[in-house]
Amino acid sequence: MVNRMSRPIHKISKKVSLATDFAYNCFSRVVKASVGYDWNNKQSRVQGKIDSNGVVSALFGKELYMGLDCLLSAYLNHKNNDFKLGLSLTYG
């Protein structure tokens, strides 16, 4: 049984939003908490999340030209020494 206490997205301004999440498993006594953010302007968007296990992730998206989008993502797990970086170009 997992008890999850999640707070809805809190809009700080027109461009910035914050969110939190908290989960507790009664049987295994595992607790996980995370904090996320979203910054959106007219030309680009930046999203990120940090959790209690030391995992940090981020996403940057931008429309380069009409119909051409670029996404750059990063994932860092300090506990397991795992790092990933991604790039996506989408046309259409």
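FYI, it's all coordinate maths here, none of it is from the lab. Just so it is clear, the structure is predicted and the values come from calculations on it, not from any experiment. Methodologically, a virtual Cβ is constructed for each residue, glycine included, from the backbone with ideal geometry; neighbour enumeration extends over all protein chains shown.
Listing for the model above:
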{"read-out": "Residues of the stretch 24-48 classified as among the aliphatic types (A, V, I, L, M) and crowded, with 16+ Cβ neighbours inside 10 Å, total", "value": "1"}
{"read-out": "Filter result for residue 67 (under 16 Å from the mean Cα position of the chain (by Cα) and without any contact (Cβ under 8 Å) to a residue 60 or more places away in the chain)", "value": "no"}
{"read-out": "Counted residues, the stretch 62-75 - those being touching a strand residue (DSSP E or B) at 6+ places or on another chain (Cβ under 7 Å), hydrophobic (A, V, I, L, M, F, W, C) and either farther than 20 Å from residue 39 by Cα or assigned to a loop (DSSP other than H, G, I, E, B) (or both)", "value": "1"}
{"read-out": "Contacts under 7 angstrom Cβ, first residue in the stretch 28-40 being part of a strand (DSSP E or B), partner of a type in the set (Val, Ile, Thr) and surrounded by 15 or more Cβ atoms within 10 Å (Cβ to Cβ), 6 or more apart", "value": "34/50; 35/50; 39/46"}
{"read-out": "Residue 59 exposed (fewer than 14 other Cβ atoms within 10 Å of the Cβ) and in a strand (DSSP E or B)", "value": "no"}
